[in-house]
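Report on the structure given below.
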Amino acid sequence: MQQPRPAKPSRVFDRGPEWDALTAFAGRPVPHAALGVLSGRRRMGKTYLLRALVEQCGGFQ
């Protein structure tokens, strides 16, 4: 059974498709470790999104 995806925090403005892709990857029920690659231009908020996802999922930084 798949867990519900974490809600996007209100402080994360816009970024709906990016948030959906990150939560889909983070919430996959796989029995092994997985590596995801997040790429994009400089200073566009990649780390900001990842930190928000970690906080919403109860992970650690």
Item to complete: Please indicate, with yes or no, whether at least one residue in the range 28-47 is assigned to a helix (DSSP H, G or I), closer than 16 Å to GLY59 by Cα and not β-branched (Val, Ile, Thr).
Response: no
Practice prompt. Please work out which one of (1) under 10 Å from the mean Cα position of the chain (by Cα); (2) at pLDDT below 90 is the condition ASP20 fails and give its number.
Written response: (2)
Worksheet entry | Restricting the range 24-46 to residues that are in contact with a helix residue (DSSP H, G or I) (Cβ under 6 Å, 6 or more places away or on another chain) and over 20 Å from GLN3 (Cβ atoms), the residue that is least open to solvent (accessible area, probe 1.4 Å) | GLY40
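The values are calculated or read from the model by the stated rules, or taken from the named source; none is laboratory data. These figures come from a predicted structure and were not determined experimentally. Glycine also receives a Cβ, built like all others from the backbone with ideal geometry; neighbour counts cover every protein chain displayed. Areas reflect the complete protein model, heavy atoms only, side chains present, ligands, DNA and RNA absent. Shrake-Rupley method; radii C 1.70, N 1.55, O 1.52, S 1.80 Å.
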